[in-house]
Amino acid sequence: MSPNPTHQDREAELAAAVAEAAASGTPLAIRGGGTRAGCGRPEAGTPLAVAGHSGIVAYEPSELVVTVRGGTPLAELEAALAAEGQMLGFEPPRFGAGSTIGGAVASGLAGPRRAWTGGVRDALLGVRLLDGQGQALRFGGQVMKNVAGYDIARLQAGALGILGILLEVSLKVLPRPPAEATRVLAMGADAARARMVEWGRTPLPLAGAAWVDGRLHLRLAGNESAVAEAGERIGGEAEAGEAFWAALRDRTHPFFGGPFSDGEAPLWRLAVPPAAPALGRDLPGDWLLDWGGAQRWLAGEAPAERVRAVAREAGGHAVHVRGAAPEGEVLTPPTAPALAVQQRLKAAFDPHGILNPGRLYREL
């Protein structure tokens, strides 16, 4: 390597490392900023650092599209977007200064704005990646209408790196709203859930709806007149909500005890339809409702089988976030047909099975 390596040098170095690992059958643990080590099952393999492969490749503010290298710090990307009055609509959790955009895409996690502006997959337009043999492949593109055949790029969102190392990602970005305000109303969980469903069916300019500790927090975003009118309609108390939404986004709110804390009570994230009934009767514990009721956090001691069964009956699924993973699984185990499809995808992208083996499911 030269004393001042270029991005091409760094990419070639990564490709050579993957090719060598494939030839020897050495598992690799893809490592960005290390802030998402708690996502998925435990890392296994020789660490492969990708954080140094960073920088914005192309950014067209007028086109609302940015292409960035996978190892770019999330803070760096968001600062560049903010300078142009834009943002990542899926509001990825930051989990620390070392967080990278590649890790944000690979984990597939989104913040409290997700129910109104879409998740990671909705923003992901294209990727360049290294497959499990060290080959650079490109999927998708840099425009919103660019789907031909299978939408391979979006498979990378939430794949936790088992299908490839993200060299570059192209993302749709959004204009930052000119005005935001937060209203807070005191009420119980059942009433809050009903209100969130009711208001979610209206044209209110919502950009966040979460309930915790007996208080319903509603974030409004849009032009000043629309935000002011909506605030009067909703009522409640006005609150400087920036700190609350940031804590919810980054899981630093006291409810969580830290992004991946080893606190006493197991922590679960349940994704269910917003109108699904209250689940506290079947699953006792402390609850936090987000995404207008579609994401429900549970800190409680219910058995894993019970948590997953209740989530399934409600039309969703459950993810284990904190505590000893039941039977070693974090995500709800897939059905046999779904697992077979994922195994074929894994074999196509990583025929030697060296990229983050077992990180998503033990069979992958």
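Of note:
- Test set (1) of a type outside the set (Asp, Glu); (2) in contact (Cβ under 8 Å) with a residue 40 or more places away in the chain; (3) under 30 Å from Gly85 (Cβ atoms) - Leu155 fails condition number: (3)
- Scanning the stretch 123-138 for residues that are under 20 Å from Thr72 (Cβ atoms) and open to solvent by 50 Å² or more (accessible area, probe 1.4 Å) returns Ala136, Leu137, Arg138.
- Taking the criterion of being surrounded by 14 or more Cβ atoms within 10 Å (Cβ to Cβ) and of a type outside the set (A, V, I, L, M), the residues of the stretch 344-360 that qualify are Lys346, Phe349, Asp350, His352, Gly353, Asn356, Pro357, Gly358, Arg359.
- Hits in the stretch 208-243 - residues which are assigned to a helix (DSSP H, G or I) and either out of contact with any strand residue (DSSP E or B) (no Cβ under 7 Å at 6 or more places or on another chain) or touching a residue at least 60 places away in the same chain (Cβ under 8 Å) (or both): Ser225, Ala226, Ala228, Glu229, Glu232, Arg233, Glu242, Ala243
- Whenever a residue of the stretch 336-364 is in a helix (DSSP H, G or I), its partners that are open to solvent by 20 Å² or more (accessible area, probe 1.4 Å) and of a type in the set (A, V, I, L, M), lying with C-beta atoms within less than 8 angstrom and at least six residues away or across chains, give the pairs Leu345/Leu155.
- Flag for Glu363 being exposed (fewer than 14 other Cβ atoms within 10 Å of the Cβ) and not assigned by the TED database to the domain that holds Ala44: yes
- Residue, modelled with the lowest pLDDT, within the stretch 136-186, restricted to residues that are of a type in the set (D, E, K, R) and out of contact with any Gly (no Cβ under 6 Å at 6 or more places or on another chain): Lys145
The values are calculated or read from the model by the stated rules, or taken from the named source; none is laboratory data. Because the structure is predicted, anything quoted here is derived from the model rather than measured. Here Cβ is always computed from backbone atoms with ideal geometry, including for glycine, and neighbour counts include all displayed protein chains. When the accessible area is computed, the model is the full protein with side chains, heavy atoms only, and any ligands, DNA or RNA have been set aside. Shrake-Rupley method; radii C 1.70, N 1.55, O 1.52, S 1.80 Å.
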